[in-house]
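The values are calculated or read from the model by the stated rules, or taken from the named source; none is laboratory data. Because the structure is a prediction, the values reported are computed rather than measured. All Cβ positions, even for glycine, are placed from backbone atoms using ideal geometry, and neighbour counts span all protein chains on display.
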Amino acid sequence: MTLKKTAAYGLPLVVLFVLALVFPYLVDPYTIHVSNVAVVFGLLAIGLFLSMGIAGQFDLAQVAFLGVGAYTAAILTLHAGWDFWPAALAGVVISIIVSLLVGIPALRVQSHYLAIVTLGLSLAFISLVINLPITGQAEGLSGIPAPVFFGIDLGDDYLFYYFGLALLIVGIAFAAFVVHTRLGRRMRAMRDDDLAAAAMGTRVPVLRMIAFAFGGLYGGVAGALYAGLIRFVAPESFSLANMFLLLAMVIIGGRHSLPGVVIGAVGLIFVRSWLADFSIYAQLGYGALVVIFVVFLPTGIAGIPARLIELWKRRGTKGAGGIGVAPYVPYAVEAPDAAGSPDADAPVVLQATDVVKSFKGLKALAGVSLTVRQGEIRGLVGPNGSGKTTLFNVLSGIHPPTTGSVEVFGERSTTTPSYRLSLRGVARTFQNLRLFPLMSVRENVMMGIDRTPSRWSWRYIIRPLSVLRADARMRGEADEILDRYGLLGLAEAKPSELSYGAQRRVEIARAMATRPRLLLLDEPAAGLNGDEVNQLKAIVNDIRATGVTVIIIEHNMGLVMSMCDRVTVLSTGKVIADGLPEEVGRSPEVIEAYLGDDAKLEKEMLDATSGPAEGTVQ
Amino acid sequence: MQFVLQTLVGGIGLGAIYVLVALGFSLVYRTMGLVNFAHGDILMVGAYLAATFFISAKIPFWAAMIIAIVATAVIGLVIERILRPLENKDFDLMLIGTIGFGIMLEGIAILVWGTTGEAVPTPITGDPFNVFGIYIKRYELVVVIVAALASLVLWLFLDRTKQGIAMQAVAINHEEATALGINVGRSNAIAFAIGSGLAALAGGLAGPILYVSPTFGANLGIMGFSAAILGGFGNIKGAIVGGLAFGILYSFASGLSQGYADLVAFIVFALIVIIRPNGIFGESTVNRA
């Protein structure tokens, strides 16, 4: 970060911090109490921001986590006679455990289903505390002792304010740390496209649970704080109305922005307290605001500056082309033929045997066998619907085959999930471009560079500095790759701002960032112009020259014939030809599959009637 | 045995209402791919409207129901129209938008009818039928019949009319439906209006059985949704089976322990989602790479 940039971010933050410090000297006790409530909701909202805004998990039980934290602290201090701090810690731990349980359905369902299941579970929580004698039933629990922090009595709202403020700052800092390093990047990738994230080595189920645990962590901390602040817990504080209020905070503030959600939470708590005498109108108001923001400003208050800048730019320079793609820098400096076709006895990289894949009666693959040797460029062609992409999905671990077996690098991988195959060295691109739309080009490539397993996440707690160092290193590696692929000038751009050809190149760069030994390219030339196709050819040849085996699905026959060492032809889920490009091109079955019976007939007739036919099928 | 059968009968009466809620959810989900979170609140507004016209205006119950159904159908149309820019773009945002409408509807209900709630007298008086010692309330019998008729009419509409078939086409592939000249916006609007009308029907019928309050829609809405998932989301058969099954489950849970019935219902629901997310009649979909 440059000095100027640091000043641009740092100065307002310092001013804000000083203002927050002198704030209690300027206001009355009631406002301080409201500020303390705002701190609690700020922490709670950060939890929802991490689980929903960053990880895309539609978690509507966040207020229940607040309740679990608060009730645990209350019960342990009142019934078990614990001190406040151990009780608060227990509240956080139990809240995390509950959040993991609530998150289990997320392993099976997402989006709308998950929203309603978690909402149902938060109703179950309310039903539980209303009925259990230990939670004080409908009356709740009162008389929680005021926490004392190293001799400071936090029963005083003014002193509590400083404690809460410190906790909020720590909470914001930790959330920012998570969001901008590898765990947060993987969560954002999973939110944008879980399939592509898995293909980049992300263990999606574990990450979903981690997302819920973050919700539980922040919910639990906010809950314990709530118990210490209000010193009274009752079921209605954790009702659906408050869950929706929390959701409104996150949506109005901006669900993808950390400052946004904090502003949303603090702002809405203050507005609610000012409108305390008109609470119904306040409810109508924030309901309407949620609708308005969702339709007109889905990025919330935090998205307003970006919107304004965009409008300003559009007004100024009309249709500025921006920076284009620079030429690719090959690894192999020698002539492109330096590393040609592999020997016939090169080691087998991929072995698929009798792979069958059925979708509800439809047999997409009906017994496909395939052997690919190291260093080969294998073409995979066939008419639409012949099962090429399905075969890629089976090979890359997205769908397990119905029967048959797959071996990659000599290891059985029939049912190996895609994240594990990615870590073993299988990379792929997608037919319909699956870049992470809300992440920059650099972050997309960093997703490929990040090869760490999920258990690495413990470092966030025990060795946070090593996380920062590893991230700086990954950033450097990403820039090297971007430079090689001529994309460094576009590193900060979002994929949607790039031309189609540039987006295709980012996908290849992202796949190559995983340092694969086997690369699967799904129609990489689709939508490219002639020049871009030639560049693609050079890139693929160079990738092979570095020892990577490439399998390529492509409809551009000229490209396939000139580039591939061997070509496999699929038709209606079966291999109908396999061999050198020129052999395959002459095979009658292939011509028939591609052009239909009529073409074959026509060709036969032409062959029979006239000798040298011009302009016929080649 | 007596207890089991009596609870079963009560469960079917309650289940018939869940069926109606589930049908409304399913219809909107099936055509638009959207879970309408305002459904429970629309139901609550419908229940209040029916109760108000029945009690205060002293008009017959069936007429009050029709007014409530028409009024909520209009509310549904308004919601659909405002959220239309998000259709087929961002369903998560659209869902949050329906939550926003739910918050507003609850606020309006509190403004108009207050927070205390209302007990609706049963419109059909007379002693319950006694079948071998099991009591069947006349009103609950009517509810079951109305729910059966509504399911039948909905099925006929979706499978036998041109508009209904067009709506199913939209559900399967909205882009191809557009290419075939089907007005997707209108199709979605009709789905939303019918869905909201069904919510009012469910709410109005539930009024005399349960206690109408500004928050009773949330519970009933989630129960209906759970029922829809249990049966397999997005099909009529699933809504009927799921609704009845959930009604019986809830009835037994509250028969055994009144307070914990909600807890049991929601935990069972979560378990169902974990074990069989596509429900009894649901179809799994394949994510295309």
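Just a few scattered comments:
- Criterion (under 21 Å from the mean Cα position of the chain (by Cα), in contact (Cβ under 8 Å) with a residue 24 or more places away in the chain and away from chain A (no Cβ under 14 Å)) met by exactly one of B:63, B:73: B:73
- Qualifying position, being loosely packed, with under 12 Cβ neighbours inside 10 Å, closer than 30 Å to residue A:291 by Cα and away from chain A (no Cβ under 14 Å), among B:118, B:176: B:176
- Among the candidates A:381, A:394, the residue that is within 12 Å of chain B (Cβ to nearest Cβ) and of a type in the set (A, V, I, L, M) is uniquely A:394.
- Residue match in segment B:203-213 (condition: outside any helix (DSSP H, G or I), within 14 Å of chain A (Cβ to nearest Cβ) and closer than 21 Å to residue A:123 by Cβ): yes
This table checks each residue for (1) among the basic types (Lys, Arg); (2) touching a Cys at 6+ places or on another chain (Cβ under 8 Å); (3) not in a helix (DSSP H, G or I).
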{"position": "B:126", "(1), (2), (3)": "no, no, yes"}
{"position": "B:167", "(1), (2), (3)": "no, no, no"}
{"position": "B:186", "(1), (2), (3)": "yes, no, no"}
{"position": "B:193", "(1), (2), (3)": "no, no, no"}
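- Only one entry of A:442, A:434 meets the criterion of being under 21 Å from the mean Cα position of the chain (by Cα), basic (Lys, Arg), within 14 Å of chain B (Cβ to nearest Cβ) and crowded, with 18+ Cβ neighbours inside 10 Å, and that entry is A:434.
- Tally of residues being more than 12 Å from chain A (Cβ to nearest Cβ) and either within 20 Å of the chain's Cα centre (by Cα) or surrounded by 23 or more Cβ atoms within 10 Å (Cβ to Cβ) (or both) across segment B:251-264: 1
- Matching entry among A:22, A:92 (being part of a helix (DSSP H, G or I), free of Cβ contacts under 8 Å to residues at least 60 places away in the same chain and over 30 Å from residue A:294 (Cβ atoms)): A:22
- Every listed requirement among (1) exposed (fewer than 15 other Cβ atoms within 10 Å of the Cβ); (2) in contact with a helix residue (DSSP H, G or I) (Cβ under 7 Å, 6 or more places away or on another chain); (3) within 22 Å of residue A:160 (Cα to Cα) is met by residue A:14 save one, (2).
- Any hit, segment B:215-224, residues being away from every other protein chain (no Cβ under 14 Å) and either surrounded by fewer than 23 Cβ atoms within 10 Å (Cβ to Cβ) or assigned to a helix (DSSP H, G or I) (or both): no
- Answer from A:248, A:224 - the residue that is away from chain B (no Cβ under 14 Å), closer than 21 Å to residue A:49 by Cα, surrounded by 24 or more Cβ atoms within 10 Å (Cβ to Cβ) and not aromatic (Phe, Trp, Tyr): A:224
- Matching entry among A:506, A:560, A:533 (being under 19 Å from residue A:370 (Cα atoms), assigned to a helix (DSSP H, G or I) and not hydroxyl-bearing (Ser, Thr, Tyr)): A:560
- Output for segment B:236-250, where each listed residue is in contact with a Phe, Trp or Tyr (Cβ under 6 Å, 6 or more places away or on another chain) and buried (at least 23 other Cβ atoms within 10 Å of the Cβ): B:238, B:243, B:246, B:247
- For residue A:260, the conditions (1) within 19 Å of the chain's Cα centre (by Cα); (2) crowded, with 23+ Cβ neighbours inside 10 Å; (3) small (Gly, Ala, Ser) are fulfilled apart from (1).
- Filtered residue count, segment B:94-115, keeping only those that are at the interface with chain A (Cβ under 7 Å from one of its Cβ atoms) and either over 22 Å from the mean Cα position of the chain (by Cα) or under 22 Å from residue B:61 (Cβ atoms) (or both): 1
- Unmet criterion (only one of (1) out of contact with any Pro (no Cβ under 9 Å at 6 or more places or on another chain); (2) surrounded by fewer than 16 Cβ atoms within 10 Å (Cβ to Cβ); (3) free of Cβ contacts under 8 Å to residues at least 60 places away in the same chain; (4) of a type outside the set (Asp, Glu)) for residue A:459: (2)
- Segment B:265-286, subset surrounded by fewer than 16 Cβ atoms within 10 Å (Cβ to Cβ) and modelled with pLDDT of 75 or more, residue nearest to the other protein chains (Cβ to nearest Cβ): B:274
- Residue A:135 fulfils the conditions (1) in contact with a Phe, Trp or Tyr (Cβ under 7 Å, 6 or more places away or on another chain); (2) at pLDDT below 90; (3) at the interface with chain B (Cβ under 10 Å from one of its Cβ atoms) except for a single criterion, (3).
- Residues satisfying the stated conditions in segment A:85-129, i.e. farther than 30 Å from residue B:230 by Cα, surrounded by 22 or more Cβ atoms within 10 Å (Cβ to Cβ) and not β-branched (Val, Ile, Thr): A:87, A:88, A:91
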